[in-house]
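Before any comments, here is the structure.
The values are calculated or read from the model by the stated rules, or taken from the named source; none is laboratory data. Since the model is a prediction, treat every value here as computed from it, not as a measurement. Reconstructed Cβ throughout: ideal geometry from the backbone, glycine too, with neighbour counts over all protein chains shown. What goes into the accessible areas is simple: the full protein's heavy atoms, side chains included, and nothing from ligands, DNA or RNA. Shrake-Rupley method; radii C 1.70, N 1.55, O 1.52, S 1.80 Å.
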Amino acid sequence: MTDDIYACHGYEVYLVGGCVRDLMLNRIPKDFDIITSAELKEVVRVFSQCEIVGKRFPICHVHFENTIVEVSSFSTSGRRFSRDFKYEFERPIGCDEKDFIRWRNCLQRDFTINGLMFDPYAKIIYDYIGGIEDIRKAKVQTVIPASTSFQEDCARILRAIRIAARLGFRFSRETAHFVKHLSPSILKLDRGRLLMEMNYMLAYGSAEASLRLLWKFGLLEVLLPIQAAYLVKHGFRRRDKRSNLLLSLFSNLDKLLAPDRPCHSSLWIAILAFHKALSDQPRDPLVVAVFSLAVYNGGDMLEAVKIARRINKSHDESFCELLEPRDLDFEALKHEVMDFAESSKGALSKMTDEYFVSQAMAGYSRAPFSDLVFIPLALYLKASKIFECVRGGGERRFASKQGSKIDYESLAYGSPQEVRHTFARIVFDTVYPLDLTE
């Protein structure tokens, strides 16, 4: 795609931001961002499937196969710098005009490791702010002082968590301090933006690490008070290295996902609701197994029970949410499974109830107040349908997924068949782990 711009018009074209960082780390970039010396109207002329979006900070969305590539222009970036950039930086010595334009753009990045610029033709990486050194040190730090950076854009706090979780990087001391102390400011973001940031954290293969960092820096009680209350109740410390059922579920989700293979947000929301229901009322592991199998097959309880009764390996006894196995006949087992499905849907309702959310951490005097609900109605209804087939006694014309291979395109779009298959697989692998030492 960049070849078209460069070859047709001779403009400068660079890869910028996180994709350069990921390529240096031999990781798959979540997406690619491009900046060019061309005006945006020139980019539109080159590509038939391209439109300019945004009024304050316009960029081009270029549709390329099944992806959208963001293309920005040095000209609009320069106008933004002149208008909005308040922090003083001394121009580097020996900086020519092209260097100055590149340097000025890099200063607008959030973190030093995102402030790299790669010329794919000259095979040169431009680094004016120490990004390469911070990649070597596995460190996340802001380009400008963290207090200023996070107050200018509090969404950077969540991006810092997401990047550190995904890469396994640590924060610089200053960045860590202000991630923690400015964490309540994220409530100024609108609900849609918060959902987007949470989805980036939980749907792209680094959910467990994200939850641990959110907890460590005091953000979990703001974003997910119900899950924060669970950790407090079970004595989970801020820097705790132990695991539990909540973290194990998301660890198993992570094993199936990657930056280029995400899941639909309904899946991780359903996992949160499932765990809330199970932590409120622990269940027999066989009940959980039948439940997950019934989700998978569209509510065919008879088939789910037959398969579950053939399980010949032990459940993970370290989870307090799982009771000692009992000898349940079919009717008793069916009743408990349907009750659990009802409880899971009820837990989902609690997660979207502002009053209930506000009370989750009410018993802990030092916890910040949060009644944040960022799950919209449409997403709540989509997640609810994952459990409804069990409560309803089976769905007509529902065909269970055949085979174990995940169709990632369908999973990302929220196909009920694919989401249910993946949900059941995660639950089953968590309750009956393959590597359990007996």
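For the residue pairs LYS137/LYS216; LYS139/LYS405; LYS137/LYS313; LYS255/LYS350; LYS255/LYS276; LYS180/LYS350, the alpha carbons lie more than 32 Å apart in LYS139/LYS405; LYS137/LYS313.
Of the peptides 253-266, 351-364, 26-39, the order by per-residue mean of other Cβ atoms within 10 Å, starting with the highest, comes out as 253-266, 26-39, 351-364. Entry note, the chain: the mean residue ellipticity at 222 nm calculated from DSSP H runs of n ≥ 4, each adding -39500 (n - 2.57), is -15000 deg cm²/dmol after division by the residues and rounding to the nearest 500. By the rule of a C-alpha distance below 12 Å, with chain neighbours fewer than 8 residues away ignored, the aspartates and glutamates paired with LYS98 are GLU12. In percent, rounded to a whole number, the relative contact order of the chain is 13, using alpha-carbon pairs under 8 Å and six or more apart. If you line up the long axis of helix 265-280 against the longest principal axis of the chain, both from Cα atoms, how many degrees apart are they, to the nearest 10? The answer is roughly 40 degrees. Close amide-amide hydrogen proximity is noted between PHE111 and VAL143, each under 5 Å apart and 5 or more residues distant or on a separate chain (H modeled in the peptide plane; Pro and chain starts excluded). In the complete set of protein chains, residue-level accessible area for ARG309 is approximately 110 Å², probe 1.4 angstrom. Tilt of helix 74-84 relative to the longest C-alpha principal axis of the chain, in degrees (0 to 90, nearest 10)? Between helix and principal axis, roughly 80 degrees. With θ taken as phi - 60° and the Karplus curve 6.51 cos²θ - 1.76 cosθ + 1.60 applied, the whole-hertz 3J(HN,Hα) list for segment 411-427 is 5, 5, 7, x, 4, x, 4, 6, 5, 5, 4, 5, 4, 4, 5, 5, 4 Hz, x standing for glycine and proline.
For a straight C-alpha distance cut-off of 17 angstrom, the lysines reachable from LYS55 (same-chain residues fewer than eight places away being disregarded) are LYS41. Against the main long axis of the alpha-carbon atoms of the chain, helix 155-167 sits at an angle near 70°. Please report the net charge: other residues with Cβ closer than 13 Å to the Cβ of ILE186, K and R +1, D and E -1. Taking every Cβ under 13 Å from that of ILE186, the sum is +3. Solvent-accessible surface (1.4 Å probe) assigned to ILE386 amounts to roughly 10 Å². Scaling against 2.2 N^0.38 Å puts the C-alpha radius of gyration of the chain at 1.09. Converting phi to 3J(HN,Hα) with the Karplus coefficients 6.51, -1.76 and 1.60 and the offset θ = phi - 60°, segment 305-314 yields 5, 4, 5, 4, 5, 8, 5, 10, 10, 7 Hz in sequence order, with x at every glycine or proline. Largest first and in whole Å, the equivalent-ellipsoid semi-axes of segment 257-347 read 23, 15, 14, each the square root of five times a Cα gyration tensor eigenvalue.
Here's how it looks for LEU25: its modeled amide H is under 5 Å from none belonging to a residue 5 or more places away or on a different chain. So what is the relative contact order of segment 318-384, in percent, for Cα pairs below 8 Å that sit 6 or more residues apart? After rounding, I find 25 percent.
Cross-link partners among aspartates and glutamates for LYS334, C-alpha distance below 14 Å, same-chain residues fewer than 8 apart left out? Here the aspartates and glutamates satisfying the reach criterion relative to LYS334 are ASP284, ASP300, GLU303, GLU342.
Sorted largest first, the spans of the alpha carbon positions of segment 188-282 along the three principal axes are 34, 32, 25 Å. Under a model in which nothing but the beta-carbon of Lys, Arg (+1) and Asp, Glu (-1) is charged, segment 279-420 shows a dipole of about 440 debye around its Cα centre. Backbone geometry of segment 37-42 corresponds, through the Karplus equation with coefficients 6.51, -1.76 and 1.60 at θ = phi - 60°, to 3J(HN,Hα) couplings of 7, 6, 6, 4, 5, 5 Hz, x marking Gly and Pro.
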